[in-house]
Amino acid sequence: MSTMNQFISEAQQILSKEQIFTDITRRLAWGTDASCYRLIPDVILSPRNEEEVQKLLRLAHKLNIGVTFRAAGTSLSGQSISSSVMIVAGKQWERFNIKQNGEIISLQPGITGARVNEILKPYRRKFTPDPASLQSAMVGGIIMNNASGMNCGTHANSDKMLLSARILFADGTVLDTGDEESKEQFRREKPEFLKALEAIRESVIKNEPLRQRIIHKYSIKNVMGLNLLPLVTFDDPFEIITHLMVGSEGTLAFLSEATMKTALIEPFSASAMIYFDTIQTACRAVQRIKLTPAVGAELLDRKALRSIEGKEGMPDYLSSFDDNVTALLIETKANTKEYLERNIREISEALSSFKPIRPIQFTSDESVYSIWWSMRSGIFPSVGGLRPAGTTTIIEDVAFHLTDLPEAASALQQLLEDHGYADGVIYGHALEGNFHFIINQRFDNQQDIDRYEALMNDVVNLVVNRFDGSLKAEHGTGRNMAPFVEKEWGKDAFEIMKRIKLLFDPKNMLNAGVIFNDDPTIHLKNFKSFEPTNRHVDQCIECGFCEINCLTSGLTLSARQRIVVRREIARRMKQTPNDPTIIQLEKEYHYLGNITCAGDGLCATSCPMGINTAELTHDIRHDQLPPLGQKIGKITADHFSTVKSGLRSVLFLANTAHTVLGTKNMIWLANEAHKMGAPLWTPAMPKAYKMKKRTQPDSSNQLKVVYFPSCINQTMGVAKENPDQTPLPDKMDGLLKKAGYDIIYPENMESHCCGTIWESKGMFDIADRKTFDLEEALIKASENGKYPVLCDQSPCLYRMREKMKRLKLYEPAEFIETFLTDRLDFHPIDEPVAIHTTCSMTKMHLGETLLRLAQRCSRHVIVPQEVGCCGFAGDKGFTHPEVNRYALRKLSPQLEASQVKYGYSNSRTCEIGLTTNGKIPYMSIVYLVDQCTTPKKKED
Ligand SMILES: Cc1cc2nc3c(=O)[nH]c(=O)nc-3n(C[C@H](O)[C@H](O)[C@H](O)COP(=O)(O)OP(=O)(O)OC[C@H]3O[C@@H](n4cnc5c(N)ncnc54)[C@H](O)[C@@H]3O)c2cc1C
C-alpha cells in the first residue's frame, strides 16, 4: 500500500465518508483556486472541528504527507491548491464570539469577511481587512494572505488587528496565544521552540541594516514571503507567533480561531472623482493627499476608463478624454457631518495647485458617488468579460513607495505596452502605492507562456531592482512569486524566513512549494486550461465568487467546480478523445454536476461576469435528453390537465395513507420507499386540490386583475398539518376581493403552464411553446394588457417576466404592495414570523418588498441569515432531498432560537422544503396578509 493510500485509509477512521473525497471529479474540481494554476490533490478532507484536524495533522506528520489548507479558494497566486492532501476549513467553520460590545471578535476561519461585517453591524463596527473579494473570502484565507483592499492599507490589516490566534502546529500541537494556560503548557512542552524563536528574533534585532530593511519594506503593503514585521515589533514570543501567522499562507500552522480588534464604522462619507491629464500628475496628487484625512484613493488609468466607456450608467464625457487621462477616486469618512466637511476642505486644499480636467467636486450624495464606485468596480468584469475565449484574466499586484509613484506608474504602463499587452489596464489603491494590472493571458502554447515569462521578468526588474517595491502587495506570494522572494528581500531576510519555516514545519509538510520553492520556474508550470466548453460559461475566470450563492458548494460541486470539470472534459475530448478518464468524469459529473444543480441561477448574482451556471446545466440536460425523455416531455405538455389529474391522485393516495397510518408510520414507510428510488414524502407534502370553476367578474368594477394560479397551486393544496386549511388560490381570491378587486381567470387554465418544468429539464422548445400558449391566454384575459396579471408562484413569474414582454406581470408580494396596501387596513401581530426570499424573488430584486410587507403584518419579522436558495428546485426536494437538506442546514436552529412558529414565502414547492427542514409550517405571504388585514375603513 502506498503511503498516501495508508493515509487515506487511516483518515477514514477519523472522518466519516461524507468528509472525504477521492473521486477524480472532485479532486480535479478542488484542484482549482482563482489563480492560473492547477494541481490535483490526492484527497480532499473536510474536518468539522479542531480535534479532527489535529488527528489528521498527526497522521500526516507520522507518514510525512504534505497538507494544504483551504478556506474559500479565491487566492490568485496559487497558494490554495495541492497535489497531496487538501484540508478544507470553510463552510463548517463559521462560529464566532463577540466580546466587549463588538470591539473584539473571535472568529473561526470559515466565516466570510462580509458575514463578519453583518455580525458586527448592530454594534456599528466593522472587520477592517477589506479585499475586494470580501463577500467570498473567508477569515482563514484573509488572515493567512494578509489580504487588504481600498481602505485598510497597512494600518488596519490583519497584522494590526489580530490579538491572538488558536493554532495547530504541523505535529498537531495546539496553542492558543490568547489563553494563559495554553501558553504555560506550551512553555513547559516546547521550550526549545521558544528558544529557537528568540534566537531568530535576536538575529534580526542585532542586524541593524536588516532591521531597518524590514521596517522600510513594511512601510508599504507587502505580502512577499513570511511576515517579518513581528520580529521587530514584539519581544513576547507568543505575540511573535500570533503575528507570524498573518500572511503565512498556510505554510506554518493551521489557524483554528483568530481574535481580532474591530473598528468603528464612520457613518458619513464623501467621494470625489478627479481626472488628471497624466498618470504622473495623478500620482503626484496622491503624494499630496497622503497626509490628509483621505481614507482611499483609487487610481484608474486611461485603459481602465476606456474599458467601462459607453457602459450603462457611465458618464458620457469619458469618451472625450485623450489617451493619457487618469482618474483618482478619493474617499473620506467621518463620524459627524462637520468632520466630513472639514476633511473635504483639507483634501481640496491639498489639491488646490492641481488643474484637473474637470473641477474637483466632493459629494456625500450616495446616488452620485455610487456611479463613480460602480465605475471602479466595473473595470475587472469589463476587462475579463471582453477577453477572447481560451484566455484567462490575470490580476497582478505590485506596490511602490509613494516617493516613486509617478515614475513607477508610468514605467509600469510602458512595460505593458512594450510586451504587447495592449489591453493591460492599471488601477488600484494608489494611496498605498498599490497598483493592480490586469492582462488577458493564454497559457495553451509556448509562445504565450514565453511572453508571460518575459513580462514577469521585467516586472521583477522594475519593481525590485529599480524601485525596491513589493512584487505582491495583497494577494500573497503563492507559487506565482515564490521564485522571487529572495530577490526582493535579499539573502539575510530570506534566511530568516527559512529559519522560521524550519522551526514551525521541520518536515516541510505544510503547503510545500508555496512561498518557499527551489524551482526558479515554478511560476511557469502547472497552468490550468481554459478550454472553451459552453458559451454561457466560457468567460468564467474560476474566481469562486459564485460559491457563496451555490447551494451545492461543499455538498457535491459548486458552480465554479462544474465549469472546471466541463472544461477539463472539453480539453480531453479535444486532445485525447479516447481517454477513459472522460467517461469516468462524465459518469461522476452526472450526479455531482448535473443532477444536484438546483438550476436557480443565483450563482450569477455574485459572479463578476454575471455567469449563470444553470444555463450550462440546462444545456447539458438538453444535449443528454434521450429520445424517450423528449417524447414524454411532449406528451406531458400536450396533455397537461391529465398530468395534473394524475398528480392529484398521487397526492390523494399519499394523504389517505398518511391519515390511515399516522405521521410516524408514514415517515418510516416513505423513507424506506425513498431508499428504493421513490420520491421522498414528508408531512409537509400537500393534499390534492382542484380549483372550482370560477365565474368571470362583473364588468362595472374597474379594479380588475388577471389571476393565474400556477399549475402547482392548481394541483397542490395545503399539507394536512397546516394551521390554515384554505388552498392558496382560494386564499388569494378572498384577499383580492377583500381589497375590492374583481378577478379574471384566464381561459383553459388547467392546460396552462409557464414552461419552467420543461426548461429545467432542458426541453427548451416545449417550454417556449407552453409559455407562448399561456401568454396568449393572459393577453386575452387582460384585454391586451389593460389589467395587471398576478401569478402566485415566484419561480413561474420569473420565467414569465423573462419571456412575456407584452404584459404587466406581478408576483404576490409586489402586487399586494403596489395595489392592495391602500385598500386594506393592516393590524400587525406581535408574534414573530420568518420570511424566505426565493431565488427568483432575489433575481427580481423583490426581497425587500417581501420584508416590508411582512413588517406591515408582524412587529417581529425574522430573516434567517445565510439561507439562500432552499434547494428544492421544483422537484429535487422529492427526488434528491439531500440537496434541500444541505441548503437549509442553517435554518431550523435560527427558527428555534427566535421561537418562530410560522414562516412565509412565495413558492409552494420551496415551502414544502422549508417546512420539512425548518420544522415549522411555511406558507405563502398571502396567508399572513390575509390574517392581518381588514377592508379599508372609509374615512368619515
Ligand atoms: C476577483 C478577485 C479579487 C480579489 N481582490 C483582492 C483584494 O482586493 N485584496 C486581496 O488581498 N486579495 C484579493 N483577492 C485574492 C483573495 O480573494 C484574497 O487573498 C482572500 O483573502 C483569500 O481568501 P480565501 O478564503 O479565498 O482563502 P484561500 O484561497 O482558501 O486560502 C488562502 C491561503 O490561506 C491558507 N489558509 C486558508 N485557511 C487556512 C487555515 N484555516 N489555516 C491555515 N492556513 C489557511 C491557504 O492554504 C492559502 O495559502 C482577490 C481575488 C479575486 C479572485
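Okay, here's what the table says:
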item	result
Unmet requirement for Ser82, which otherwise passes all of (1) touching a Pro at 6+ places or on another chain (Cβ under 8 Å); (2) over 30 Å from Ser529 (Cβ atoms); (3) among the polar types (S, T, N, Q)	(2)
Test for Ile142: is it within 20 Å of Ile265 (Cβ to Cβ), among the hydrophobic types (A, V, I, L, M, F, W, C) and within 15 Å of the ligand (Cβ to nearest atom)	yes
Matching entry among Leu168, Leu162 (being more than 25 Å from the chain's Cα centre (by Cα), crowded, with 19+ Cβ neighbours inside 10 Å and within 14 Å of the ligand (Cβ to nearest atom))	Leu168
Index of the failed condition, Leu328 passing every other in (1) buried (at least 19 other Cβ atoms within 10 Å of the Cβ); (2) in a helix (DSSP H, G or I); (3) hydrophobic (A, V, I, L, M, F, W, C)	(2)
Filter result for the condition that a residue is assigned to a helix (DSSP H, G or I) and under 34 Å from the mean Cα position of the chain (by Cα), over Glu814, Glu775	Glu814
Total residues in the stretch 550-593, condition touching a Cys at 6+ places or on another chain (Cβ under 9 Å) and either in a loop (DSSP other than H, G, I, E, B) or more than 15 Å from the ligand (Cβ to nearest atom) (or both)	9
Positions within the stretch 282-297 being in a helix (DSSP H, G or I) and buried (at least 20 other Cβ atoms within 10 Å of the Cβ), in sequence order	Ala282, Cys283, Ala285, Val286, Ile289
Test: residue in the stretch 259-276 that is within 30 Å of Arg499 (Cα to Cα), hydroxyl-bearing (Ser, Thr, Tyr) and either modelled with pLDDT of 95 or more or in contact with an Asp or Glu (Cβ under 8 Å, 6 or more places away or on another chain) (or both)	yes
Among (1) among the small types (Gly, Ala, Ser); (2) touching a Ser or Thr at 6+ places or on another chain (Cβ under 7 Å); (3) surrounded by fewer than 19 Cβ atoms within 10 Å (Cβ to Cβ), the one test that Gly490 misses	(2)
The one condition in (1) within 27 Å of Lys290 (Cα to Cα); (2) out of contact with any His (no Cβ under 8 Å at 6 or more places or on another chain); (3) touching a residue at least 40 places away in the same chain (Cβ under 8 Å) that Val223 fails to fulfil	(2)
Identity of the residue in the stretch 817-827, not hydroxyl-bearing (Ser, Thr, Tyr) and not in a strand (DSSP E or B), that ends up surrounded by the most Cβ atoms within 10 Å (Cβ to Cβ)	Leu820
Among residues of the stretch 339-377, those that are over 24 Å from Lys303 (Cα atoms) and in a helix (DSSP H, G or I), counted	14
Of all residues making up the stretch 500-549, the number that are under 27 Å from the mean Cα position of the chain (by Cα), in a loop (DSSP other than H, G, I, E, B) and within 12 Å of the ligand (Cβ to nearest atom)	8
Residue that is nearest to Asp33 (Cα to Cα) [pool: residues in the stretch 145-159 that are in a loop (DSSP other than H, G, I, E, B) and within 6 Å of the ligand (Cβ to nearest atom)]	Ala147
Among the candidates Ser348, Ser364, Ser370, Ser320, residue that is away from the ligand (no atom under 16 Å from the Cβ), among the polar types (S, T, N, Q) and within 30 Å of Gln441 (Cα to Cα)	Ser320
Some residue of the stretch 194-217 being at pLDDT 95 or above, closer than 15 Å to Met161 by Cβ, part of a helix (DSSP H, G or I) and touching a strand residue (DSSP E or B) at 6+ places or on another chain (Cβ under 9 Å)	no
Wholly enclosed strands (runs of 3 or more DSSP E) of the stretch 26-131 bearing at least 1 residues at pLDDT 95 or above and away from the ligand (no atom under 14 Å from the Cβ)	43-45, 96-99, 104-107
Scan of the stretch 298-325 for residues that are out of contact with any Ser or Thr (no Cβ under 9 Å at 6 or more places or on another chain) and surrounded by fewer than 18 Cβ atoms within 10 Å (Cβ to Cβ), ordered by number	Glu312, Pro315, Asp316, Tyr317, Ser319, Ser320, Asp322, Asp323
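One line per residue, one yes/no per condition, for (1) closer than 23 Å to Gln702 by Cα; (2) surrounded by fewer than 20 Cβ atoms within 10 Å (Cβ to Cβ); (3) in contact with a Cys (Cβ under 8 Å, 6 or more places away or on another chain); (4) of a type outside the set (Lys, Arg):
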| site | (1), (2), (3), (4) |
| --- | --- |
| Lys731 | yes, no, no, no |
| Glu750 | no, yes, no, yes |
| Thr756 | no, no, yes, yes |
| Glu759 | no, no, no, yes |
| Met763 | no, no, no, yes |
| Lys770 | no, no, yes, no |
| Glu776 | yes, yes, no, yes |
| Gly785 | yes, yes, no, yes |
| Pro788 | yes, yes, no, yes |
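The values are calculated or read from the model by the stated rules, or taken from the named source; none is laboratory data. The model shown is predicted, which means the values in this text are computed figures rather than measured ones. Quick reminder, even Gly has a Cβ in these numbers, built from the backbone with ideal geometry, and neighbours come from all protein chains shown.
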